[in-house]
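The values are calculated or read from the model by the stated rules, or taken from the named source; none is laboratory data. It should be emphasised that the depicted structure is a prediction, and the values quoted were computed from it without experimental measurement. With ideal geometry, Cβ positions are generated from the backbone for all residues, glycine too; neighbour counts draw on all protein chains shown. Only protein heavy atoms, including side chains, enter the accessible area calculation; ligands, DNA and RNA are left aside. Shrake-Rupley method; radii C 1.70, N 1.55, O 1.52, S 1.80 Å.
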Amino acid sequence: MTRTFLAVFLSLLYVVPVHARQAPPRAWVIATYAYPQRDRVAAIQPLADYLGLRARHPVQVRLFDSPTALVDALRRGEVDVAVPNLHGYLQARRASEPLTTLPVPQVPALQADRYRAVLVGRQGLEAPGELERQARTLRLVLVGRDSASGGFVPVRELRRRGLEPTTAFAHLAYAGSHAAALEAVASGRADVAALAADVYDASRPTGVVEVWRSQPIPPGPLLCRPAADVPCQQFTAWLLEAHDEAPAVMAALRAGWPEFGDAQRFTVPERALLDASTMQVEP
């Protein structure tokens, strides 16, 4: 009897630790959105690796089709840290979910000044009032619905002029990239295009003129969805140290987002520039 009891007791000592082992932690999802000719997975992999290494926590990278799809996934709890554009950031901040704004790449002043939107068109449209007068006969090209410099920023200017993009022009199309939007006008397949100013400034094709140029556009900060197992505030501290701890993080982000210019470090964003109450975007 004693031997039987002892055998059972010893077997329990062996079994209990096995059942007491904790399940591996859920991997944090670090995500962004796709863009033509840019390997965005490679662009955020060092960021994911850095956060995982600092926390000793598993991570995985995901890519979504658009900034809107990225924000929707963040709201559903499928993403823990997002690298959005400005349009995605403002969409996310407008939501009721408690999202944490993380640091943003600190773009050098001269390069930050160059990140603007332009409206360009065929020769003659640069004259005051010509765009409005001829709009119903013009073919308009935007980069995409989720683009900042090729989307919502120039769209706000068109609406300020009383031109609703979907109804005021003869035709509206989305090019998918800034270079393609510019090429559409240069080749005669479109009459007006919205795109990033630096793309236009780099080539200035013959016969394509500047109609309007925006003020500098700030980049969108990273976003974090707070949860019991997601230390958003700690992420902020680690990102502000990344230039010393892991320079490859910013180098990869620069390769994925030309608007980050020669940024070397993260910085706390200027809330006055990124307040969704003063920089509204359309749903």
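Structure notes:
- T100 vs. criteria modelled with pLDDT of 95 or more and among the polar types (S, T, N, Q): no
- Qualifying residue in the range 137-145 (condition: closer than 30 Å to P84 by Cβ, under 22 Å from the mean Cα position of the chain (by Cα) and not hydrophobic (A, V, I, L, M, F, W, C)): yes
- Residue in the range 185-198 that is free of Cβ contacts under 8 Å to residues at least 12 places away in the same chain, part of a helix (DSSP H, G or I) and either under 26 Å from A82 (Cα atoms) or under 26 Å from the mean Cα position of the chain (by Cα) (or both) present: no
- For the range 77-94, the criterion of a residue being outside any loop (DSSP other than H, G, I, E, B), surrounded by 14 or more Cβ atoms within 10 Å (Cβ to Cβ), among the β-branched types (V, I, T) and more than 19 Å from the chain's Cα centre (by Cα) is satisfied by no position.
- Scanning the range 228-266 for residues that are open to solvent by 50 Å² or more (accessible area, probe 1.4 Å) and hydrophobic (A, V, I, L, M, F, W, C) yields a count of 4.
- Selection of first residues in the range 202-230 that are without any contact (Cβ under 8 Å) to a residue 12 or more places away in the chain and of second residues that are among the acidic types (D, E), restricted to Cβ pairs under 9 Å at least 6 apart or on distinct chains, gives the following pairs, ordered by first then second residue: R204/E210.
- Residues (within 30 Å of A184 (Cα to Cα), open to solvent by less than 50 Å² (accessible area, probe 1.4 Å) and modelled with pLDDT of 95 or more) located in the range 208-227: V208, V209, V211, W212, S214
For (1) under 30 Å from G121 (Cβ atoms); (2) touching a Pro at 6+ places or on another chain (Cβ under 8 Å); (3) of a type outside the set (V, I, T); (4) at pLDDT 95 or above, each residue gets a yes or a no:
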| residue | (1), (2), (3), (4) |
| --- | --- |
| C232 | no, yes, yes, yes |
| L239 | no, yes, yes, yes |
| A255 | no, no, yes, yes |
| L273 | yes, yes, yes, no |
| A276 | no, no, yes, no |
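- Residues (surrounded by fewer than 22 Cβ atoms within 10 Å (Cβ to Cβ) and either out of contact with any Phe, Trp or Tyr (no Cβ under 8 Å at 6 or more places or on another chain) or more than 20 Å from E259 (Cβ to Cβ) (or both)) located in the range 51-64: G52, L53, R54, A55, R56, H57, P58, V59, Q60, V61, R62
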